[in-house]
Amino acid sequence: MKVMKFGGTSVGTPQRMKDVTKLVTASGNPVLVVFSAMSGTTNSLVEISNYLYKKNPEGANEVINKLEQKYMRHVEELYSTDEWKENTRNFLYGVFNYLRSFTKELFTSFEEKSIVAQGEIMSTNMIQNYMQEQGINSCLLSALDFMRTDKNAEPDSSYIREKLSDILKDKEGAQVYITQGFICRNAYGEIDNLQRGGSDYTASLIGAAINADEIQIWTDIDGMHNNDPRVVDKTDPVHQLHFEEAAELAYFGAKILHPTCVQPAKFAGIPVRLLNTMDPEAEGTTISNKTEFGKIKAVAAKDNITAIKIKSSRMLLATGFLRKVFEIFESYQTAIDMVCTSEVGVSMSIDNNTHLDDIVNELKKYGTVTVDNDMCIICVVGDLDWSNVGFETLATEAMKSIPVRMISYGGSNYNISFLIKESDKKRALQSLSDTLFNN
């Protein structure tokens with residue numbers, strides 16, 4: 001069985017819901033489909049929660065009414081029979097009355113997650129009703145019945161596998177199984193969400209749990225490109241990536257995928273395909289444990305980076321210096337992206353400035369601190385094992401006219417990273433494309 005995931009834009013209108021239905025039924029084979037909320041819905045639900053936090057029920061009700069009107073218009077466009085229009089309207093009335101109930105009571109963070117979950121619940125019920133109207137043998141599975149996190153807020157893989165297996169056995173025989181992405185229950189039974197990667201993470205967890213043949217992530221672009229098409233002229237889809245290459249690209253700026261969401265698929269050895277709902281015939285990108293040896297695949301960029309350098313003559317031969325430095329970042333829960341060291345100093349980059357002033361004050365105990373803001377990490381990804389002679393030279397040759405603050409190479413067999421000023425980003429990305437791909 002294949003697992004297919006469709007994001008918010010793929011189900012953003014009634015027509016797109018109809019198009020998706022054709023896609024998931026085209027093969028005639030059983031599939032399990034994960035749906036996100038309709039595009040824009042989650043933002044509206046978060047806005048409702050914000051009004052409730054601010055004790056402004058009138059503001060919340062205004063957004064609820066506006067969202068309800070939008071969904072009722074969708075009902076008229078999506079269904080052709082009065083029976084299914086009425087069934088869906090009654091379901092949606094129940095959801096919006098549930099949302100209104102929060103305007104009359106004390107509001108907490110647990111209620112916020114219940115509110116946000118309604119987006120996926122509405123989209124999946126609407127699609128299920130449409131498939132039923134079309135005579136498709138479909139079955140709606142509530143993610144809240146099998147998707148659970150443990151006390152560390154990590155997915156409880158054993159529970160997911162056991163519960164989902166039981167549910168599928170009980171519902172055996174359907175052509176299409178539908179469920180919600182993103183939402184789950186936590187270890188205490190409360191409605192929660194998966195946070196990182198959202199619906200992509202759900203699809204990957206389900207694929208691993210049922211040992212799927214393939215996991216398909218359908219979006220509105222034709223896979224990962226070899227550079228950022230919003231910044232660079234002439235980019236092409238990358239047709240094959242190793243899981244590690246995909247994770248590097250995702251971490252360093254390729255927004256199509258969250259860096260952790262494919263880990264369950266990676267560990268289970270299940271290929272993940274990134275496909276385009278607007279162009280279903282496009283090849284897209286396949287991510288697997290296969291490596292194309294000796295090939296540079298793509299370039300990505302991560303913005304809003306801050307570089308911090310600590311210089312100290314006392315560092316020379318001083319054991320424990322780096323440990324003390326890293327403990328400061330850990331104490332403020334600030335992750336480090338890049339690290340370079342020398343005899344008398346260490347440079348690091350971070351993408352979270354929330355505690356920057358406190359971190360700098362702590363670091364000044366150990367040396368002179370310099371901070372550079374408005375930086376950008378450029379990441380070149382591929383099979384970059386040091387035995388592939390000359391690859392690092394190609395990358396640095398493309399960057400010869402760009403001032404580089406830091407270079408990271410050797411920490412991974414899959415990337416070379418350059419820290420530069422954000423103002424040089426476009427020039428750097430275009431030069432890398434021209435040197436690595438367009439020639």
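The values are calculated or read from the model by the stated rules, or taken from the named source; none is laboratory data. Note that this is a predicted model, so its numbers are computed, not measured. Note: ideal-geometry Cβ built from the backbone for every residue, glycine included; neighbour counts use all protein chains shown. What goes into the accessible areas is simple: the full protein's heavy atoms, side chains included, and nothing from ligands, DNA or RNA. Shrake-Rupley method; radii C 1.70, N 1.55, O 1.52, S 1.80 Å.
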Item checked: Farthest positive-ward along region 263-311 dipole, Cα basis, beta-carbon charges - from ILE310, ALA282, GLN263 -> ILE310
Notebook entry, point to check: Roughly speaking, what is the centre-to-centre gap between region 349-377 and region 19-79 when only Cα atoms are used, to the nearest Å?
Noted result: 41
Next item on the list: Working from Cα positions, state the angle (0 to 90°, nearest 10) between the long axis of helix 157-170 and the longest principal axis of the chain.
Entry: 30
Check: Which value, in Å², gives the accessible area per residue of region 230-385 when a 1.4 Å probe is used on the protein heavy atoms?
Finding: 48
Next item on the list: For the chain, give the magnitude of the charge dipole about the Cα centre (Cβ charges: +1 Lys/Arg, -1 Asp/Glu; no others), in debye to the nearest 20.
Entry: 680
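Taking the Cα centre of region 130-262 as the origin, how large is its charge dipole in debye, to the nearest 20, when only Lys and Arg (+1) and Asp and Glu (-1) carry charge on their Cβ atoms?
Here the size comes out at about 280 debye.
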Notebook entry, point to check: Under the rule of -39500 (n - 2.57) per DSSP H run of 4 or more residues, summed and divided by the residues of the chain, what mean residue ellipticity at 222 nm is obtained, to the nearest 500 deg cm²/dmol?
Noted result: -12500 deg cm²/dmol
Next item on the list: Roll a 1.4 Å probe over the protein heavy atoms and report the accessible area of ARG89 in Å², nearest 10.
Entry: 50
Item checked: Positive minus negative residues near LYS169 (Lys, Arg vs Asp, Glu; Cβ under 15 Å) -> -2
Next item on the list: Rounded to the nearest 10 degrees, what's the angle between the helix 321-331 long axis and the longest principal axis of the chain, both from Cα atoms, 0 to 90?
Entry: 20
Notebook entry, point to check: Roughly to the nearest percent, how much of the accessible area of region 359-439 is carbon and sulfur, given a 1.4 Å probe?
Noted result: 48
Next item on the list: Please identify every one of the trypsin sites (Lys or Arg not before Pro) in region 168-234 that sits in a loop by DSSP and has no more than 11 other beta carbons within 10 Å of its own beta carbon.
Entry: ARG230
Item checked: the chain, relative contact order [Cα under 8 Å, separation at least 6], % -> 13
Item checked: Student exercise, region 286-439 dipole from Lys, Arg, Asp, Glu Cβ charges, in Debye to nearest 20 -> 240
Margin query: Test of the criteria: in region 151-240, which GluC sites (Glu not before Pro) are in a DSSP loop and have at most 14 other Cβ atoms within 10 angstrom of their Cβ?
Written below: GLU172, GLU190
Check: Convex hull over the Cα atoms of the chain, averaged projected area in nm²?
Finding: 24.0
Margin query: I'd like the antiparallel share, as a percent to the nearest 5, of DSSP beta bridges with both residues in region 144-280.
Written below: 45
Notebook entry, point to check: Which value, in Å², gives the accessible area per residue of region 100-226 when a 1.4 Å probe is used on the protein heavy atoms?
Noted result: 41
Item checked: DSSP beta bridges in the chain [antiparallel fraction, %, rounded to 5] -> 60
Note to self: Compute the angle between helix 41-53 and the longest alpha-carbon principal axis of the chain, please, reported from 0 to 90 degrees and rounded to the nearest 10.
What the structure shows: 90
Check: chymotrypsin sites (Phe, Trp or Tyr not before Pro) within region 152-203: which are DSSP loop residues with at most 12 other Cβ atoms inside 10 Å?
Finding: TYR188
Notebook entry, point to check: Of all the accessible heavy-atom surface of region 119-254, with the other protein chains kept in place and a 1.4 Å probe, what percent is carbon and sulfur?
Noted result: 40
